[in-house]
Amino acid sequence: MNTAKLIDGKAAANRVLKQVKADVQRLKRKGIEPALAVILVGQDPASEVYVRNKILRAEESGIRSLEYRLVANSSQAELLALIATLNADASVNGILLQLPLPAHFEEARALQAIDPRKDVDGFHSENVGGLSQGRDVLTPCTPSGCMQLLEDACGDLSGKHAVVIGRSNIVGKPMAALLLQAHCSVTVVHSRSTDAKALCQLADIVVAAVGRPRMIDASWLKPGAVVIDVGINRIEENGRSRLVGDVDFDSALPQVSAITPVPGGVGPMTIAFLMKNTVTAAVQQAHAQRSQSEAVCLSTY
Ligand code: NAD
């Protein structure tokens, strides 16, 4: 295998986490201890693994982690009450609500209840709007991680044609907004696109976020394209279970100039950017608190 073409997400994530750890140590010396609250509703096995990994990574980074568990048949009101308590707790900087929620919850309403300043997943409409306006807001972790991988692989992205496959709120749409912010020409294709493959063949950068195993093979790709494979799909192959991406890695490799593997590509970057967002949130909240107390001091004169 031509490893020179591999975009190593684990190594990139370790670089981000090293910086996060150093930032946390610096903040602690100034009396700021970043804290992340993770809420898990129910006992979905995949969510249990994700939450465990997030808490582990937070602890390794020096971030204080708080785990809140609600039973699957909890009510929306109980979840909203917990979010309100965490919003009001000044010692909590980031709130992460692990998705998906059990079917009887209104996911969008719960996400919207999180204080946008603590919304380390970047899903609150205030942050979504801020991203599309190019404001400095908390942005979703997976697309932010993809951007870092692209910048590491390509340097300046300005003027490149990027095709994003998928238009979810979690990956596709924020990915497109971030690429646009980096001055790419951006095309988004989705399940109703009639010419997805033809558009993809024109792309310098392809970001696949579909959830269909090995949908994109070499015939979709321009020679020399850079491919970021967000997809995580579990398949049974040769009698064993394994994870594959949305891109047919073996077919694509000879055609591309760089590609992320699955696993070991985008996945580790998602958690690393969750930690980065928690630190950013802690810093922003400390600044806001300081200017508030300065304003109080000034107003007494
Ligand atoms: P989603 O189901 O919400 O969205 C999938 C998108 O793909 C939709 O917008 C749909 O229009 C589009 N699509 C479906 N079929 C298509 C087709 N034939 N052609 C073109 N577009 C098509 O999924 P999501 O949450 O965006 O996740 C996508 C994939 O990324 C999944 O495999 C998910 O597991 C993975 N994921 C990985 C990470 C990570 O950290 N690596 C994070 C989030 C999601």
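FYI, it's all coordinate maths here, none of it is from the lab. Please read all numbers here as calculations on a predicted model, not as lab measurements. Neighbour counts are summed over all protein chains in view; Cβ atoms, including those assigned to glycine, are modelled from backbone coordinates with ideal geometry.
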How do the peptides 247-260, 200-213 rank, highest first, by the average count of neighbouring beta carbon atoms within 10 Å per residue?
-> 200-213, 247-260
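Contact order normalised by length for the stretch 85-202, with contacts defined as Cα pairs under 8 Å and 6 or more residues apart; what percent is it?
Numbers: 145 pairs, mean separation 21.3, N = 118.
Relative contact order, the stretch 85-202: 18 percent.
Against the globular-protein guess of 2.2 N^0.38 Å, express the Cα radius of gyration of the chain as a ratio, rounded to two decimals. Working shown, then result.
Details: Rg = 20.2 Å, N = 301, 2.2 N^0.38 = 19.2 Å.
Its radius of gyration relative to the 2.2 N^0.38 Å reference: 1.05.
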Label point distance in nm, Asn53-Arg69, each placed 7 Å from Cα along Cα→Cβ | 2.0 nm
Pull up the cross-link candidates among the lysines for Lys54, meaning alpha carbon to alpha carbon under 28 Å and not fewer than 8 places away within one chain.
-> Lys10, Lys18, Lys21, Lys28, Lys30, Lys118, Lys173, Lys276
Using the Cα centre as the reference, give the magnitude of the dipole from point charges on the C-beta atoms of the chain (Lys, Arg: +1; Asp, Glu: -1; all else neutral), rounded to the nearest 20 debye.
-> 480 debye
At 0.36 nm per residue, minus the direct Cα-Cα distance, what do Asp8 and Glu60 gain on full extension? Give it in nm, one decimal, please.
-> 16.7 nm
When a/c is below 1.5 the answer is rounded, else prolate if a/b is larger than b/c, else oblate, so apply that to the stretch 31-115 with a ≥ b ≥ c taken from the square roots of the Cα gyration tensor eigenvalues.
-> oblate
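With N set to the residue count of the stretch 141-267, report its C-alpha Rg divided by 2.2 N^0.38 Å to two decimal places.
Numbers: Rg = 13.4 Å, N = 127, 2.2 N^0.38 = 13.9 Å.
This ratio for the stretch 141-267 stands at 0.97.
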Expected sort for 97-109, 61-73 on mean C-beta neighbours within 10 Å, highest first, is 61-73, 97-109
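For the stretch 203-301, what is the percent of antiparallel DSSP beta bridges, rounded to the nearest 5? Before the final figure, lay out each step's value.
Details: 5 of 12 bridges.
DSSP beta bridges in the stretch 203-301 are roughly 40 percent antiparallel.
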Using alpha-carbon pairs under 8 Å, 6+ residues apart, how would you state the relative contact order of the stretch 31-115 in percent?
-> 42 percent
Please give the peptides 281-294, 129-142, 171-184 ranked by average Cβ packing (other Cβ atoms within 10 Å per residue), highest first, as a rough proxy for protection.
-> 171-184, 129-142, 281-294
What is the set of long-range amide H partners of Leu66 at a cut-off below 5 Å, with H atoms built 1.01 Å from backbone N?
-> Leu36, Ala37, Val38
